[in-house]
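Student: Handing you this structure, nothing more for now.
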Amino acid sequence: RDAHVDGNIARFINHACEPNCYFEVVDKTIWIRARRDIRRGEELTYDYKTTGNRHIPCRCRPGCTHLL
């Protein structure tokens, strides 16, 4: 879940409130798992599960009213 420029390949997976993937921590390794079959060309998404004030509007899809 490291979006830093030199971070890992997971930095290309975007947030979604209704994601098609989830993350699983096994020992010290974070695995990205599919929630369902993912179509070719479909963007990979998972819920970042952010904490804090949640004042940033989510833009995962048109009409989303969640805050990050």
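Student: May I ask you to derive the relative contact order of region 13-62, considering only C-alpha pairs under 8 Å and at least 6 residues apart, and to give it as an integer percent?
Tutor: Working: 61 pairs, mean separation 22.9, N = 50.
Relative contact order for region 13-62 comes out at 46 percent.
Student: Report, to two decimal places, the Cα Rg of the chain normalised by 2.2 N^0.38 Å (N = number of residues).
Tutor: In units of the 2.2 N^0.38 Å rule of thumb, it is 1.17.
Student: With the other protein chains left in place, how much accessible area per residue, in square angstrom, belongs to the chain at a 1.4 angstrom probe?
Tutor: On the way: 5710 Å² over 68 residues.
Counting only protein heavy atoms, the per-residue value for the chain is 84 Å².
Student: How big is the charge dipole of the chain about its Cα centre, in debye rounded to the nearest 20, if each Lys and Arg gets +1 on its Cβ and each Asp and Glu gets -1 on its Cβ?
Tutor: Working: 12 positive and 9 negative charges, 34 e Å.
Around 160 debye, computed over the chain.
Student: Between the DSSP loop rule and a limit of at most 10 other Cβ atoms within 10 Å, which trypsin sites (Lys or Arg not before Pro) in region 20-68 are left? Write down the numbers at each step before the final one.
Tutor: Values: sites: K28, R33, R35, R36, R39, R40, K49, R54, R59; in loops: K28, R35, R36, R39, R40, K49, R54, R59.
Here the sparse-neighbourhood loop sites are K28, R36, R39, R40, K49.
Student: Right, here's the next one. Of F12, I30, L44, which is farthest on the positive side of the dipole of region 5-46, counting Cα position, with +1 on Lys and Arg Cβ, -1 on Asp and Glu Cβ, and the Cα centre as origin?
Tutor: L44
The values are calculated or read from the model by the stated rules, or taken from the named source; none is laboratory data. Treat the numbers as computed from the prediction; the structure is a model and nothing was measured. All Cβ positions, glycine included, derive from the backbone under ideal geometry; neighbour counts span all protein chains shown. With ligands, DNA and RNA removed, areas are computed over all heavy atoms of the protein, side chains included. Shrake-Rupley method; radii C 1.70, N 1.55, O 1.52, S 1.80 Å.
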